[in-house]
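Trainee: Quick one: structure below, then a few questions.
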Amino acid sequence: MRTALRWLLALTVLIGTLSTAGTATAAPPGTTGSTAHDTGTDDIEDRLQAIPGMSLVEEKPYEGYRFFVLTYTQPVDHHDPARGTFQQRITVLHKGVDRPTVFYTSGYNVSTTPSRSEPTRIVDGNQVSLEYRFFTPSRPEPADWSTLDIWQAASDQHRVFQALKRIYPRNWLATGGSKGGMTASYYERFYPHDMDGVVAYVAPNDVVDDEDSAYDRFFATVGTRQCRDRLNAVQREALVRRTSLEQKYARYAAENGYTFSTIGSLDRAYEAVVLDYVWGFWQYSTLDDCDTVPADARHATDQEIWDSVDTISGFSAYTDQGLETYTPYYYQAGTQLGAPTIHFPHIEKKLIRYGYQPPRNFVPRSIPMRFQPWAMRDVDTWVRHHAEHMLFVYGQNDPWGSERFRLGRGARDSYVFTAPGMNHGANVAGLVPEEKALATARILHWAGVAPAAVEQDPSQARPLASYDATLDARDAEREPALRP
């Protein structure tokens, strides 16, 4: 009883005193509400800024749309709103209040450049993009890392949805790739009545953190034997030449001001980068790219080995400066999401000193961490038995797809498709024709905009918006390997 009273008091304080935060004022999903702002006659900028807690940072013009960068006041702790608030960045790509809306998250920082996710183009809709909590600048101050978990993040999305649903009353879809696909799935698990559909791309699903044999099986068969042998040889050679290449690494670090306090030493960072090499290749490259890998690693120069590893894994990845941006991800990997561990049968044990290091090694020791093995099991069980209107897309040659979401008997109108030959950038467009048409048709149906011809014959399904080379360009910025 005392706990309940304290929670009610906290909620009252938030509502009564933190007017900039504002509680959600949206009508229930599927309704349009009855306030003046629902008439569609006001300017969209005014309507967005009229939402309690919403502030405009800037508007960037783009033909056919209006693009807004905003911040929204969120509780630090959705369990206990009295603990304070923080400003969370969002963007809105506005097409029209009569169009469906796609809720996109990368699971990391939000881009402030106008762009469209694939479902946004398919349904020709609006897009709301959210920065994941604790990725700067969307980080509470001071940072209580115990409030960084998948339920808190899903609750952030829930409040943003409630705040914007009154403006955008048509159907909503959640989407994201990799960690963003995981985020969309977790959101659906905790708030299954918000979205009308979910499109999750290349979303890992590490149900049992210490059982990772699926990854070893993947690396034993992916691509061709010739390509695997090339990659394995370069990776091994980088460890054979550890002394000379670490000297080069030390000069590189000094020239760029890189340090190694978090991981513990340059030696640990060097091995981590090298062990990411094969994984990173298949995550971002294709079979055709094997021609760029040194064909004869034993006779390659140090510079050729360095360049290949740096291009694929990135020698800055495990420096303090490289890790800092991704501290929230590594924290979550070490507390809830899990992290893969693989073996290297092509490398003698004497050459490997640390192996795949745990996420704890990539997070400052001042931040406490404790793993919660039940978190992913809960989500996996829910998806298997309760998924409805969910589409999962994976790439055949993407290592992250080794442990994926699967559907059970309880799933309804949900699908898991694999794009042949594709990597971590797999999408609906890369599916075989029948699956591509079916996926597009279901997305249109869930969004409430499927033409009658598509409802009758899914093979007729096409994106409703034309391709835009700027809005729909694939993101050329790559994250270091072993980050989904």
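The values are calculated or read from the model by the stated rules, or taken from the named source; none is laboratory data. Being a predicted model, the structure only gives us computed values, none of them experimental. When we count neighbours, we look across all protein chains shown, and the Cβ atoms used for this are built from the backbone with ideal geometry, even at glycine. In case anyone asks, the SASA skips ligands and DNA or RNA and just uses the protein heavy atoms, side chains included. Shrake-Rupley method; radii C 1.70, N 1.55, O 1.52, S 1.80 Å.
Trainee: Quick one: net charge around Pro458, please, counting Lys, Arg +1 and Asp, Glu -1 for every other residue with C-beta under 15 Å from its C-beta.
Mentor: Values: positive: Lys436, Arg442, Arg462; negative: Asp413, Glu434, Glu435, Glu455, Asp457.
Result for the neighbourhood of Pro458: -2.
Trainee: Which whole-number percentage describes the relative contact order of the chain, with Cα contacts under 8 Å and a sequence gap of 6 or more?
Mentor: Details: 918 pairs, mean separation 78.5, N = 484.
Result for the chain is 16 percent.
Trainee: Would you kindly derive the ³J(HN,Hα) couplings of region 126-142 from the backbone phi angles with the Karplus curve 6.51 cos²θ - 1.76 cosθ + 1.60 (θ = phi - 60°), listing them in order in whole Hz, with x for Gly and Pro?
Mentor: Values per residue, Gly and Pro as x: 7, 9, 9, 10, 10, 7, 5, 4, 6, 8, 5, x, 8, 10, x, 9, x Hz.
Trainee: Quick check on region 400-484: take the gyration tensor over C-alpha atoms, sort the square-rooted eigenvalues as a ≥ b ≥ c, and tell me if it's rounded (a/c under 1.5), prolate or oblate.
Mentor: Details: a/c = 2.27, a/b = 1.25, b/c = 1.81.
Verdict is oblate for region 400-484.
Trainee: Next up: Rounded to the nearest whole Å², what accessible area per residue is found for the chain with the 1.4 Å probe?
Mentor: Solvent-accessible surface per residue comes out at 43 Å².
Trainee: Which Cα, out of Phe260, Ala317, Gly334, lies furthest along the positive dipole direction of region 256-395 (beta carbon charges, K/R +1, D/E -1)?
Mentor: Checking the options against the dipole of region 256-395, the answer is Gly334.
Trainee: Also, quick follow-up: Using θ = phi - 60° and the Karplus curve 6.51 cos²θ - 1.76 cosθ + 1.60, what whole-Hz ³J(HN,Hα) does each residue of region 59-74 get, with Gly and Pro shown as x?
Mentor: 10, 10, x, 8, 4, x, 9, 10, 10, 10, 9, 9, 10, 10, 7, 10
Trainee: Among the trypsin sites (Lys or Arg not before Pro) within region 363-406, which fall in a DSSP loop and have no more than 12 other Cβ atoms within 10 Å of their own Cβ? Provide the component values of the computation, followed by the final result.
Mentor: On the way: sites: Arg365, Arg370, Arg377, Arg384, Arg404, Arg406; in loops: Arg365, Arg370, Arg406.
Sparse-neighbourhood loop trypsin sites (Lys or Arg not before Pro): Arg365, Arg370.
Trainee: Now for a different question. Can you show me the helix-derived [θ] at 222 nm for the chain, built from DSSP H runs with n ≥ 4 at -39,500 (n - 2.57) apiece and divided by the number of residues, rounded to the nearest 500.
Mentor: Numbers: 16 runs with 169 residues, N = 484.
Only helices count here, giving -10500 deg cm²/dmol.
Trainee: Can I ask one more? Please compute the Cα-Cα pair-distance distribution of region 90-241 with 10 Å bins starting at 0, giving whole percents from short to long.
Mentor: Bin by bin from 0 Å, the calculated values are 10, 32, 26, 18, 11, 2, 0.
Trainee: Hey, what's the Cα Rg ratio for region 79-169 versus the globular rule of thumb, 2.2 N^0.38 Å? Intermediate results must be reported in sequence, preceding the final value.
Mentor: Numbers: Rg = 14.0 Å, N = 91, 2.2 N^0.38 = 12.2 Å.
My calculation over the Cα atoms of region 79-169 gives 1.15.
Trainee: Between Glu434 and Thr311, what's the calculated FRET efficiency when r is the beta-carbon distance and R0 is 45 Å? Round to 0.05. Each step should come with its number before you reach the end.
Mentor: On the way: r = 36 Å, r/R0 = 0.81.
Step by step, r from the Cβ atoms, then E = 0.80.
Trainee: How far apart, in nanometres, would the label points at Asp378 and Glu59 be if each is projected 7 angstrom from Cα along the Cα-to-Cβ direction?
Mentor: Those two pseudo-labels are separated by 4.1 nm.
Trainee: I've got another one for you. Quick check: at a probe of 1.4 Å, how many percent of the accessible area of the chain sits on carbon and sulfur atoms?
Mentor: So the carbon and sulfur contribution to the accessible surface is 50 percent.
Trainee: Something else now. Give me the accessible area of Lys248, 1.4 Å probe, in Å² rounded to the nearest 10.
Mentor: For Lys248, solvent-accessible area is about 50 Å².
Trainee: I've got another one for you. Spelling out what I want: for every residue of region 42-47, take phi, set θ = phi - 60°, compute 6.51 cos²θ - 1.76 cosθ + 1.60 (Karplus), and round to whole Hz; glycine and proline get x.
Mentor: 7, 5, 4, 4, 5, 5
Trainee: Amide H neighbours of Asp124 under 5 Å, counting only residues 5+ apart in sequence or on other chains, H built in-plane at 1.01 Å?
Mentor: The list, which skips near neighbours in sequence, is Leu464, Ala465.
Trainee: Write down the percent of antiparallel bridges among all DSSP beta bridges whose residues are both part of the chain, to the nearest 5. Walk me through the numbers before you get to the answer.
Mentor: Details: 23 of 46 bridges.
So the antiparallel bridges amount to about 50 percent of the total.
Trainee: Can you tell me how region 136-223 classifies by the Cα gyration tensor, rounded, prolate or oblate, using a/c under 1.5 as the rounded cut?
Mentor: Cα axes put region 136-223 in the oblate bin.
Trainee: I've got another one for you. Classify region 279-401: rounded, prolate or oblate, from the alpha-carbon gyration tensor (a ≥ b ≥ c, eigenvalue square roots; a/c under 1.5 rounded; otherwise prolate if a/b is larger than b/c)? Before the final figure, lay out each step's value.
Mentor: On the way: a/c = 2.21, a/b = 1.43, b/c = 1.55.
Here region 279-401 falls in the oblate category.
Trainee: For the chain, what does the equivalent ellipsoid look like in terms of its semi-axes, each the square root of 5 times an eigenvalue of the Cα gyration tensor, given largest first in whole Å?
Mentor: Working: eigenvalues 309, 149, 85 Å².
Three semi-axes, in Å: 39, 27, 21.
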